[in-house]
1. If you go through the range 52-98, how many residues are open to solvent by less than 20 Å² (accessible area, probe 1.4 Å), among the small types (Gly, Ala, Ser) and part of a helix (DSSP H, G or I)?
2. Which of the residues belonging to the range 397-418 are in a strand (DSSP E or B), surrounded by 18 or more Cβ atoms within 10 Å (Cβ to Cβ) and more than 35 Å from the chain's Cα centre (by Cα)?
3. If Phe265 passes every condition in (1) open to solvent by less than 10 Å² (accessible area, probe 1.4 Å); (2) under 26 Å from Ala189 (Cα atoms) but one, which one does it miss?
4. Taking only the range 114-129 into account, find how many residues are open to solvent by less than 70 Å² (accessible area, probe 1.4 Å) and either in contact with an Asp or Glu (Cβ under 6 Å, 6 or more places away or on another chain) or part of a loop (DSSP other than H, G, I, E, B) (or both).
5. Could you list, in sequence order, the residues of the range 492-510 that are touching an Asp or Glu at 6+ places or on another chain (Cβ under 6 Å) and surrounded by 17 or more Cβ atoms within 10 Å (Cβ to Cβ)?
6. Of a type in the set (D, E, K, R) and in contact with a strand residue (DSSP E or B) (Cβ under 9 Å, 6 or more places away or on another chain), is that true of Lys868?
7. So which of Leu206, Leu180, Leu167 ends up being of a type in the set (A, V, I, L, M) and crowded, with 24+ Cβ neighbours inside 10 Å?
Amino acid sequence: MAEIKIDKTLFQERLSHFYSAWKADKRSGDALFNGASSILVLMGKTEETAQFQKNNAIHFWLLGYEFPATLFLFTLDALYIVTTSKKAKHLEPLKGGKVALEVLVRGKDAEQNEALFKKITDKITSSGKKVGILLKDTSSGPFIDEWKKVYGDISKQVEEVDIAPALSASALAVKDENELRAMRNASKACIALMNPYFVEEMSNILDEEKKVKHSSLAGKVDAKLDDTKFWQTVELPGKSKMPSDFDPSQLDWTHGPIIQSGGKFDLKMSAQVDDENLHAGIILASMGLRYKTYCSLIARTYLVDPNKSQESLYKVLLQVHGLVMKEIRDGANVKDIYAKALALVKSKKPELEKHFLKNVGAGIGIETRDNTLLLNGKSTRSLKDGMTLCVTTGFSDVENPNPQDKKSKTYSMVLSDTVRVTSSDPVIFTGDAPSDLDATSFFFKDEDEPEPTPKKAKKDSAVGAVATKNITKTKLRAERNTQADEGAEARRREHQRELAKKKQEEGLSRFAEVTGNENGAAVKKFKRFESYKRDNQFPPRVRDLAIVMDQKNSTVVLPIMGRPVPFHIQTIKNASKSDEGDFAFLRINFLSPGQGVGRKDDQPFEDASAHFVRSLTFRSHDGDRLQDIANQIGNMKKDAVKREQEKKEMEDVVEQDKLVEIRNRRPAVMDNVFIRPAMDGKRVPGKVEIHQNGLRYQSPLNTNHRVDILFSNVKHLFFQPCQHELIVIIHVHLKDPILIGKKKTKDVQFYREATDIQFDETGNRKRKFRYGDEEEFEQEQEERRRRADLDRQFKAFAEKIAEAGKNENVDVDVPFRELGFNGVPFRSNVFCQPSTDCLVQLTEPPFMVVTLDDIEIAHLERVQFGLKNFDMVFVFKDFHRAPTHINTIPVESLENVKEWLDSVNIPYSEGPLNLNWPTIMKTVTADPHQFFADGGWSFLATDTDDEDGDEESEESAFEMSDSELAASEESSEDGSDFDSNASADASDEVSDDDASEGEDWDELEKKAKRKDRESGLEDEDAPKKKRKH
């Protein structure tokens, strides 16, 4: 009793509220209180029961505690309480409110106690003829017996009326914020025990086919009530934890846990759990908890391997439950809600009317079930904002037309939720425990589904693949079919002209309204930094008026004019120390507008009239101290820059939503796979699981070593077979990067090595009967079979991923190896492969994934005769994104690359030189509209044409006339130092057309110089074409 603390303010507020409602009812005609002029509430001895009655509820509502052997008499003038002396000392401090309070203390003297009861009966008779009592009150004990003896003398003088509906309507039904908070906490506790705990326990029992009794499973759930660690760590289905102020010691059972299955179901509140084994069929679970005396109740139906009729009935139940929820609002009539629910059942399945429950819930609060607020067709009550209800819909004892076994011939279904009435839609306190069909259906029977025959993917020449006939088999240009190439080139040129024109029109329309920087490149703002919010946060050493380095707040505190002035390290440019004579000087330079220190450090003028401190100089005899300060400032500046860079590096990393695990069946799993980027620790294979909204990679070393990938964050999903590779791959390219350990990545890859471990078969008896290459032939066949099986497994798993993520448009893409080419996108030479939507390189990290839809144009660099390689640059539609380069592509792949680019409708151009792309993109982003108005990307094609023209003009400068050629041949025949055979061989090397004998190289060079001098005048007169760079 010493620990009891009654809230005086709350007691007086609630008592005044009750009296106001009573008096208002008196004025309006005694409709609610039935004309009662006094109200009697008795409390006998304490009974060990979880169900509270109205008398218990009034005690808890007013006092927060239950006082046994106590009598409450409410009159219109005062409240009289008869109780023992120990309880009376807790009630005496409650006096002094608007309603008078008189506490009558009982003792051991029977005559004195009888006199107290007579005083109460006198107050009843003097108040009026009608006394309000609780007709269904079951209080008992010596205290009640004594009262009944005294009350019997006046029982014929007064008329007893039932006050239960009035207590419900005026005191208990409408909850305040404190009561609602307690009910929300009770509801969260119900959710935690139902889902995840009960659902996980139930699914494990069914999955492992254990025989567990209902009572044993209920006992496990019951035991969790006292498990403090469980309440601290449990994660609710809504991805939230229990409230920080949640106190598990305040929890108590008010109902259940009741678990029913196997054809025996009782949907009444008084149902008891039995000792039958849990049966895989329809399983009902219900439970009610009390938190700080306020109740919440939840019930769910779980369907294990249901048939079509059971699924159909559950869908009807969900519709009825949803309709009741929709109709619950302030002012709604209870009987109308039930009538609409019953009408829906009749319209959907008339035969179910007789199985539908007689009510759809009741009021809930301190009482588990308020019988004066039943949601049935006879009730005259209306709902009010702030009421709390337990909404229960269900069907009992329904016959199963297709029973799965003997215990499934009849079944019942029920759903219960605790809700709060509002002026609009109700707040469902237990709504986080899912009740939809997908979440409550469990399938454990293995169904042998025939594997669908893999369909060959059709290659659309207009989208991804190029016809095989267009791929040349020869390496040298001289060996190719020139006429076929010319026809393909002409077709490509025509198509590229159309694409370039279309791209130009799109650019003009896209940036028609843009006059400045596209997408608004970041406008520089004057940066502000805050070192301290209050004066008391300064370091204590600032009192010495010395230079103080505050590493914690990245601040340098400088003494200026006798006051400590803080400067954030980001405002300081640098610090230097110098010596002059006997003094040392410390100069601190600050960042300020107009310094012209470069693009990164430049500061804008926010206020043109503002003055800025450019530098401060401090003088001291202690040169070592100033040098130490200068070094500390430099180090602090480096640390600040490093932190800023790390923050910028991680700013695009997104925190994904929580992965919703599959609980009602085994998730699809692929075991023995590795992940890239690799996780910290030992390299061991793990498993990949497909859950409701994403993938999970689980390492076998530690349960915390896992990687979750949500389907909503998947941009591309690739499957790359192990043909011509050492590994088979499922690759996920993400929209936003995630962290794996401490590494940021946008690509996550699951792979398995295709090569098998080599082992020695020496001594194997099979070798005695094998000759020649039979053994090697069998090994090759086994290798091919193993690779084909790996491809089949990974492809099927990739298709399962795509099926699970179809709502997020996840689809499997397979690279076309026949269209691939070698190149250097980063540092090493790798094999790049086009797919339907991307250009990828998935074999060696770092991986490359270029989405074709993001590409604006492609430009081929270093395309000129004589070079063995060329480069390719992709410019993206987002001009602020740096172009992607793939260098050192063999020139043998040039025609294939052009054909592929043309087939996927990417405009391309080519040129002999490498361009300065950062400068080009800076020009484009400065004014995109003007860029396209000036011709857009046509300058790339123009450069190409000009280069071709220059090459033609340069070649024409060295052409020789027929007369000169004849003269050259005569002079060469006269002055030859070689025999005829040697000259013929030499001439064959120079030209196939020239069959004449050649001259000495020195003589040919002299003759060329002479001809150049003779034709110099003609060359100067000839017009020259200016080369563009």
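1. 2
2. Correct list: Val398, Tyr411, Ser412.
3. Here Phe265 clears every test but (1).
4. 1
5. Arg492
6. Here the answer is yes, as Lys868 does meet what is asked.
7. After applying the criteria, what remains is Leu167.
So that you can scan it fast, the table gives a plain yes or no per residue for (1) at negative phi; (2) open to solvent by 20 Å² or more (accessible area, probe 1.4 Å); (3) of a type in the set (A, V, I, L, M):
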site	(1), (2), (3)
Met269	yes, yes, yes
Met287	yes, no, yes
Asn307	yes, yes, no
Met325	yes, no, yes
Leu352	yes, no, yes
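The values are calculated or read from the model by the stated rules, or taken from the named source; none is laboratory data. Everything numeric here is computed off the predicted structure, so don't read it as measured data. All Cβ positions, glycine included, derive from the backbone under ideal geometry; neighbour counts span all protein chains shown. Heavy atoms of the whole protein, side chains included, go into the accessibility calculation; ligands, DNA and RNA do not. Shrake-Rupley method; radii C 1.70, N 1.55, O 1.52, S 1.80 Å.
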